[in-house]
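Structure record follows, encoded as structure tokens.
The values are calculated or read from the model by the stated rules, or taken from the named source; none is laboratory data. Remember, predicted model here, so these are calculated numbers, not experimental data. A quick note on method: Cβ atoms are made from the backbone with ideal geometry, for glycine too, and the neighbour counts reach across all protein chains shown. Only protein heavy atoms, including side chains, enter the accessible area calculation; ligands, DNA and RNA are left aside. Shrake-Rupley method; radii C 1.70, N 1.55, O 1.52, S 1.80 Å.
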Amino acid sequence: MTDAARPVIWIPRRLSDATLERARRDYDVICKEDDTPGTAEEIIAMSARADGMIPCHSEHFSADVAAKLNSRLKIIANHSVGTDHCDLPALKSRGIAVTNTPGVLADATAELAFMLMLSAARHGVAGDRIVRSGDWDFWSPAFLVGKQLTGARLGIVGMGGVGRSLARKARGFDMEIHYHNRRRLDADQEAGAIYHDTLESLLAVSDFLSLNCPSTPETEGMMNAERLAQIPRGGVLVNAARGSLVDEVALVDAIETGHLAAAGLDCFREEPGGNPAFSEHENIVMMPHVGSATVRTRDAMGFKALDNLDAFFAGQEPPDML
Ligand code: DGY
């Protein structure tokens, strides 16, 4: 039975058990049981039944959707740090509060970026395939020779939480850290990393390049053919941020010409799905956008979204208000 005093929250995706338990304790929760992305029609329909929503990056709040939302909906408490699926000005103009989950997913995402970097550098896809398939009938000192991280230069684009966590891990591998960011970090946050005030300057020294910046109109297609060519020959590109940062045709070309030795990707322009052109190349290691997918981080993201809802419905400014 619905308690009129309790706000109604729509949760379109399967959040962690701990998140759902807490949400049900404090709110009247409507879940989309099939755990498929909420369509524009579903989002619009649910806005007439819910006071708040906890969507993921898979639910798209375009300007068109924002214009059609029912005035009952007061807050979108995203279960993501990225907000490129939300037209923020359009939602703001409708008076809808929007929050995200910064901070809590940096380590998990940096761990996945590191996994991609190691796996791309050391032929993780081919090695696994050869052993798993039973085709391993040969060994030679010239077999699956990779690229060593130790002592190599790691260029990080975007020194937010994920970039800084990746830098900490890379220091443990004795990598030389370089970065480009909108603003230079304080010396204690920089921790010896070398700042480049232009992306071009960073690319020129990046034996490994990791993209850790948000998707914005300014970063869309940032790694195009020209910029990929500025990475030293034999470089490795890692993207655990957003697919829109990379020109995927140019990346396939850079792999096929051998300019790049390898790539590690957790994000694609088409999601879900990815890019079939990448599958031709075992030196491209791929994961299906699971950078933050650990038990601890999923709980932390869900709890942060709930903290934002709790503050909002208590009449306070949510801590992660955008
Ligand atoms: C984020 O939080 O933006 C991650 O990409 C998962 O949605």
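Annotations for the structure displayed:
- Within the stretch 290-315, considering residues that are surrounded by fewer than 20 Cβ atoms within 10 Å (Cβ to Cβ) and closer than 25 Å to residue 244 by Cβ, the one farthest from the ligand (Cβ to nearest atom): 294
- Scanning the stretch 35-51 for residues that are surrounded by 15 or more Cβ atoms within 10 Å (Cβ to Cβ) and within 16 Å of the ligand (Cβ to nearest atom) yields 37, 38.
- Residues of the stretch 240-288 classified as in contact with a helix residue (DSSP H, G or I) (Cβ under 9 Å, 6 or more places away or on another chain), within 16 Å of the ligand (Cβ to nearest atom) and either without any contact (Cβ under 8 Å) to a residue 24 or more places away in the chain or open to solvent by 50 Å² or more (accessible area, probe 1.4 Å) (or both), total: 6
- Any hit, the stretch 118-131, residues being closer than 25 Å to residue 216 by Cβ and either away from the ligand (no atom under 16 Å from the Cβ) or out of contact with any strand residue (DSSP E or B) (no Cβ under 6 Å at 6 or more places or on another chain) (or both): no
- Positions within the stretch 6-51 being small (Gly, Ala, Ser) and either within 22 Å of the chain's Cα centre (by Cα) or part of a helix (DSSP H, G or I) (or both), in sequence order: 16, 18, 23, 38, 40, 45
- Strands (runs of 3 or more DSSP E) completely within the stretch 186-248 that count 1 or more residues being of a type outside the set (Phe, Trp, Tyr) and over 22 Å from the mean Cα position of the chain (by Cα): 194-196
- The residues of the stretch 186-222 that are in contact (Cβ under 8 Å) with a residue 60 or more places away in the chain and touching a strand residue (DSSP E or B) at 6+ places or on another chain (Cβ under 7 Å), listed by number, are 207, 208, 210, 212.
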